Amino acid sequence: MREFSQDAVGKHVVDVHGVDVGRISSIEDGYARLSPETGVASRMEAALSPPDVDGPAVAPEQVEEVTDEYVRVDVDLGE
């Protein structure tokens, strides 16, 4: 994926196992900002968020697949 578009806002984000980790709440500075699912925020921030971004976010290079319903990222949250 080259960059996020506003079409991604509202989509679910899932990890490599299909576990729902949150929704894309906005696109800022090329990153998809997330509203995390309850209970996974700290694990998600540690596993996903680029070092130069505060809070849960996904960089375009972490995206494996985009469908009409979700964005799958290359991360294993170890559920």
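Please list, in chain and number order, the residues 5+ apart from Val75 or on another chain whose amide H is under 5 Å from its amide H, with Hs placed from the backbone.
Placed amide hydrogens put Val16 under 5 Å from Val75.
Using per-residue counts of other Cβ atoms within 10 Å, averaged over each peptide, order 64-76, 10-22 from highest down. Mind showing how you got there, number by number?
Details: 64-76: 14.5, 10-22: 17.0.
Per-residue Cβ counts within 10 Å, averaged per peptide and sorted highest first, yield 10-22, 64-76.
For the pair Tyr70/His17, report the inter-label distance in nm, with labels modelled 7 Å from Cα in the Cβ direction.
Simple spin-label model gives 1.2 nm for this pair.
Read the figures in this text as sums done on the coordinates, not as results from a lab. Predicted, not measured: the structure shown is a model, and the values here were computed from it. Reconstructed Cβ throughout: ideal geometry from the backbone, glycine too, with neighbour counts over all protein chains shown.
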